[in-house]
1. For Glu156 and Phe122, calculate 0.36 nm times their separation in residues minus their Cα-Cα distance, and state this gained length in nm to one decimal.
2. Using only Cα atoms and rounding to the nearest 10 degrees, what angle (0 to 90) does helix 217-227 make with the longest principal axis of the chain?
3. Longer than 25 Å from Cα to Cα, which of Lys18/Lys212; Lys81/Lys101; Lys28/Lys212; Lys215/Lys235; Lys18/Lys72 are they? Say none if no pair is.
4. Per 0.36 nm of contour for each residue apart, how much would the distance between Ser69 and Ala147 grow if the chain were fully extended, relative to their Cα-Cα spacing?
5. Which ³J(HN,Hα) values in Hz, rounded to whole numbers, follow from the phi angles of segment 64-79 under the Karplus curve 6.51 cos²θ - 1.76 cosθ + 1.60, where θ = phi - 60° and Gly and Pro get x?
6. Using a cut-off of 14 Å between beta-carbons, work out the net charge of the residues near Ala187 (Lys and Arg +1, Asp and Glu -1, Ala187 not included).
7. So who's got an amide H within less than 5 Å of the one on Gln165, skipping anything under 5 residues away but keeping other chains? H placed 1.01 Å off N, in plane.
8. Nearest 0.05, what FRET efficiency do Lys212 and Asn8 give at R0 = 30 Å with Cβ-Cβ as r?
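Just so you know, all these numbers are worked out from the coordinates, no wet-lab data involved. Bear in mind that the values here come from a model prediction, so they are computed numbers and not experimental data. Glycine gets a Cβ as well: all are built from the backbone with ideal geometry, and neighbour counts include every protein chain shown.
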Amino acid sequence: MMEKLSFNDTIQLNNGVKMPRHGFGVYKLADENRFRTSLEVAAEAGYRLFDTAMFYHNEAYLGNFLASSGMKREDYFVTTKVWNTDQGYDNTLRAFETSLKKLQLDQLDLYLVHWPKQEPFFDTWRALERLYDQGLIRAIGVSNFEAHHLERLMTEANVLPAVDQVETHPHFSNRLLHRYLEELHIAHQAWSPLGRGPLLTSEPLLQEIGDKYGKTPAQVVLRWHLQNNVAIIPKSETPERIRENASIYDFALTGQEIRAIDRLNRGERVSNAPDVIYVRTEPDFQ
Ligand SMILES: NC(=O)c1ccc[n+]([C@@H]2O[C@H](COP(=O)([O-])OP(=O)(O)OC[C@H]3O[C@@H](n4cnc5c(N)ncnc54)[C@H](OP(=O)(O)O)[C@@H]3O)[C@@H](O)[C@H]2O)c1
């Protein structure tokens with residue numbers, strides 16, 4: 001019998017900090033009015049972790065929303081990320097200061113290196129370690145790091161990343177990396193947990209399982225992540241979907257159903273492979 005999951009659950013990171021397991025992603029929420037409306041619905045539905053990035057150009061919208069939300073600081077958790085062109089020791093320190101200001105926070109909950117870059121590599125992490133040592137960030141982590149990037153990082157790091165936020169959904173289940181992260185006590189957080197949408201209608205199995213529980217394919221997929229011990233940050237700017245994505249705690253998938261969804265894996269990404277960005281020498285990508 002699996003232990004009962006709830007929307008308020010947190011995962012204890014490897015430094016003891018508690019991170020909500022089920023958060024809200026804000027990539028592509030580019031208009032402040034739409035941003036605010038979506039966040040109001042999300043907060044009302046119970047979301048308390050908000051995942052942004054300098055690259056999303058909406059940290060200031062999140063800061064404005066949080067400052068006027070009436071939520072107490074200890075009740076929400078904010079993640080942001082250092083962008084590729086801001087990597088390096090001094091650049092990262094500066095980028096962090098800008099992000100913190102936009103977010104109107106004194107302390108950030110989680111700061112991630114958005115993508116691994118071959119150069120600079122260690123300098124960026126050293127800047128995160130410094131900010132962490134100074135108490136300006138509660139936990140530091142990485143995003144889009146595969147096992148070999150982590151292996152390299154660990155040759156010089158003083159602080160082990162607390163989180164690796166990586167693409168994960170039924171068409172790209174990333175189970176090998178998941179097992180590696182589990183061994184290292186690094187939390188696996190899924191980005192594009194819904195595969196950005198298309199797989200929800202292209203895989204009859206998800207509908208079939210959903211029909212059994214009176215749930216949608218999106219709810220089945222999100223529940224599959226949780227039962228596979230993966231943290232999630234789905235994004236939606238559609239009020240009904242925001243609520244729908246929160247309502248996944250009144251049913252449970254069987255082991256057989258989880259394994260059937262695991263078998264949908266095709267190793268098919270919705271975005272860049274980390275190594276493409278890792279070795280890329282042009283300053284940026286879209
Ligand atoms: N670290 C990284 O490199 C990285 C990369 C990508 C994303 N992320 C983070 O991960 C978050 C989530 O990823 P994502 O935004 O790429 O993709 P996602 O959450 O997998 O999917 C979002 C898409 O699915 C649609 N959707 C949401 N709920 C739905 C539902 N119940 N039924 C049908 N369609 C639904 C949304 O449409 P509507 O909005 O129109 O409802 C949107 O088009 C991002 O917002 C960001 O915070 C991080």
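1. Numbers: separation 34, 0.36 × 34 = 12.24 nm, distance 0.73 nm.
Gain on extension, Glu156 to Phe122, equals 11.5 nm.
2. That works out to roughly 60 degrees.
3. On the way: Lys18/Lys212 34 Å; Lys81/Lys101 14 Å; Lys28/Lys212 33 Å; Lys215/Lys235 18 Å; Lys18/Lys72 16 Å.
In this structure, Lys18/Lys212; Lys28/Lys212 lie more than 25 Å apart at Cα.
4. Details: separation 78, 0.36 × 78 = 28.08 nm, distance 3.88 nm.
Net length gain for the segment: 24.2 nm.
5. Each residue's phi maps through the Karplus curve to give 4, 4, 5, 5, 9, 7, x, 6, 6, 4, 6, 8, 10, 10, 10, 10 Hz.
6. Values: positive: Lys18, Arg21, Arg138, Arg179; negative: Asp9, Asp51, Asp109, Asp164, Glu182, Glu183.
Residues near Ala187 contribute -2 overall.
7. Those qualifying (amide H under 5 Å, at least 5 residues apart or on another chain) are Val142, Ser143, Asn144, Phe145, Gln189.
8. Numbers: r = 26 Å, r/R0 = 0.87.
The formula returns an efficiency of 0.70 here.
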